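Here the structure is laid out as structure tokens; the discussion comes afterwards.
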Amino acid sequence: MLETSGGVLKWYAVCPEGRPVPDEMTQLARSYLLKTPLEARGLGFVVLHRCGNDFYFLIVCTWRGSNEVWETVFYKDGDAMVDFALFPREKTHKPTFCVWELAPIWHEQQTWVRFLKSARDEAAAQAWLGDRYAGAA
């Protein structure tokens with residue numbers, strides 16, 4: 001879990017089998033999100049995706065309007081970058097999620113539906129927060 005100034009975010013790492021996200025990269029990503037002003041507010045989740053050897057996507061998603069997932073995408077391209085940066089997305093047709101990222105996203109969709117059908121109180125929010133996906137993608 002990561003608590004920012006405006007949100008509570010579950011944390012997911014997506015990586016190739018046998019090549020986990022290094023702890024120092026996780027710490028760098030978490031530190032970046034804590035020091036960066038985010039438009040993301042409320043309840044949501046983060047996907048830190050290791051792509052290949054040393055390229056990472058850092059995807060921040062929050063729930064808005066009760067049924068919409070909104071995202072902000074950051075990236076880090078190996079040693080060429082000291083820290084994460086906002087991923088450029090100028091074109092009209094924008095990338096969203098890769099097939100591997102969909103495993104935790106599908107889980108989050110299911111747990112959010114359970115939250116929406118609940119009393120939406122503190123107990124329901126805690127149940128949502130504790131319900132995390134772990135496993136193969």
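Out of the stretch 79-137, which residues are in a loop (DSSP other than H, G, I, E, B) and among the β-branched types (Val, Ile, Thr)? Break it down stepwise before answering.
From the stretch 79-137, those in a loop (DSSP other than H, G, I, E, B) are 81-84, 87-101, 117-121, 131-137; that's our starting set.
The answer is VAL82, THR92, THR96, VAL99.
Of the conditions (1) surrounded by fewer than 18 Cβ atoms within 10 Å (Cβ to Cβ); (2) within 15 Å of the chain's Cα centre (by Cα); (3) not small (Gly, Ala, Ser), GLU122 fails just one. Which one is it?
Every condition holds for GLU122 apart from (2).
Restricting attention to the stretch 72-88, does a residue exist that is more than 22 Å from GLU122 (Cβ to Cβ), of a type in the set (D, E, K, R) and under 12 Å from the mean Cα position of the chain (by Cα)?
No: the stretch 72-88 contains no residue that is more than 22 Å from GLU122 (Cβ to Cβ), of a type in the set (D, E, K, R) and under 12 Å from the mean Cα position of the chain (by Cα).
Please find, within the stretch 78-105, the residue that is farthest from GLY135 (Cα to Cα) out of those that are loosely packed, with under 11 Cβ neighbours inside 10 Å and β-branched (Val, Ile, Thr).
THR92
Check the stretch 43-58 and report whether any residue there is among the hydrophobic types (A, V, I, L, M, F, W, C), outside any strand (DSSP E or B) and crowded, with 18+ Cβ neighbours inside 10 Å.
Going through the stretch 43-58, the residues among the hydrophobic types (A, V, I, L, M, F, W, C) turn out to be 43, 45-48, 51, 55, 57-58.
Checking which are outside any strand (DSSP E or B) leaves us with none.
No, there is no match, as no residue in the stretch 43-58 is among the hydrophobic types (A, V, I, L, M, F, W, C), outside any strand (DSSP E or B) and crowded, with 18+ Cβ neighbours inside 10 Å.
Being touching a Pro at 6+ places or on another chain (Cβ under 6 Å) and either surrounded by 12 or more Cβ atoms within 10 Å (Cβ to Cβ) or closer than 15 Å to TRP11 by Cα (or both) narrows it down to one of TYR133, TYR75, so name that one. Break it down into steps so the answer makes sense when it comes.
Numbers: TYR75 fails: touching a Pro at 6+ places or on another chain (Cβ under 6 Å).
One residue alone meets the criteria, TYR133.
Name the pairs: first residue in the stretch 124-137 and of a type in the set (A, V, I, L, M, F, W, C), second residue modelled with pLDDT of 95 or more and part of a loop (DSSP other than H, G, I, E, B), Cβ to Cβ under 6 Å, at least 6 apart or on different chains?
Here the result reads ALA124/SER118, each pair linking the stretch 124-137 to a residue that is modelled with pLDDT of 95 or more and part of a loop (DSSP other than H, G, I, E, B).
Conditions: (1) surrounded by 15 or more Cβ atoms within 10 Å (Cβ to Cβ); (2) among the hydroxyl-bearing types (Ser, Thr, Tyr); (3) under 16 Å from TRP11 (Cβ atoms). SER31 meets all but one. Number of the miss?
Unmet for SER31, out of (1) surrounded by 15 or more Cβ atoms within 10 Å (Cβ to Cβ); (2) among the hydroxyl-bearing types (Ser, Thr, Tyr); (3) under 16 Å from TRP11 (Cβ atoms): (1).
Given the conditions (1) within 30 Å of GLY18 (Cβ to Cβ); (2) without any contact (Cβ under 8 Å) to a residue 12 or more places away in the chain, report the number of the one that ASP121 does not fulfil.
(1)
Only one residue in VAL99, VAL73, VAL69, VAL60 is within 24 Å of GLU3 (Cβ to Cβ), among the β-branched types (Val, Ile, Thr) and modelled with pLDDT under 95, so which one is that?
Numbers: VAL99 fails: within 24 Å of GLU3 (Cβ to Cβ); VAL73 fails: modelled with pLDDT under 95; VAL60 fails: modelled with pLDDT under 95.
When all the criteria are applied, what remains is VAL69.
Quickly run through the stretch 32-42 and pick out the residues that are out of contact with any Phe, Trp or Tyr (no Cβ under 9 Å at 6 or more places or on another chain) and either part of a helix (DSSP H, G or I) or among the acidic types (Asp, Glu) (or both). Reasoning before the result, please.
The initial filter retains those residues of the stretch 32-42 that are out of contact with any Phe, Trp or Tyr (no Cβ under 9 Å at 6 or more places or on another chain), namely 34-35, 37-38, 41.
Selection gives LEU34, LYS35.
The values are calculated or read from the model by the stated rules, or taken from the named source; none is laboratory data. Please read these numbers as outputs of a predicted model, since none were measured by experiment. Don't worry about glycine lacking a Cβ; one is built from the backbone with ideal geometry, like all the others, and counts go over all protein chains shown.
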